[in-house]
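The values are calculated or read from the model by the stated rules, or taken from the named source; none is laboratory data. Every value quoted in this text rests on a predicted model; they were computed, and no experiment measured them. When we count neighbours, we look across all protein chains shown, and the Cβ atoms used for this are built from the backbone with ideal geometry, even at glycine. Side chains included, ligands, DNA and RNA excluded: accessible areas come from the protein's heavy atoms. Shrake-Rupley method; radii C 1.70, N 1.55, O 1.52, S 1.80 Å.
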Amino acid sequence: MVRKTPADKVMVSRERILRAVASSSAIETGERTAVIEKRLKSHTRRFTKLTLAL
């Protein structure tokens with residue numbers, strides 16, 4: 001098994017985070033992933049002061 005050292009940090013793109021959030025939400029709500037992802041990408045938000053942690 002190959003172990004990574006703490007210095008080997010991987011940068012995750014915003015697109016991948018949005019897709020992960022959308023798929024997780026789709027599983028919980030039964031809604032399509034594409035619909036949720038589109039809603040996340042649109043800049044109309046209910047809670048404007050909250051952002052995704054990057």
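All of ILE17, ILE27 fail the test of being aliphatic (A, V, I, L, M), assigned to a helix (DSSP H, G or I) and open to solvent by 100 Å² or more (accessible area, probe 1.4 Å), apart from ILE27.
For the stretch 30-45, filtered to residues that are surrounded by 10 or more Cβ atoms within 10 Å (Cβ to Cβ) and part of a loop (DSSP other than H, G, I, E, B), the residue that is modelled with the lowest pLDDT is ARG45. Within the stretch 1-14, the set of residues being in a loop (DSSP other than H, G, I, E, B) and not aliphatic (A, V, I, L, M) comprises ARG3, LYS4, THR5, PRO6, ASP8, LYS9, SER13.
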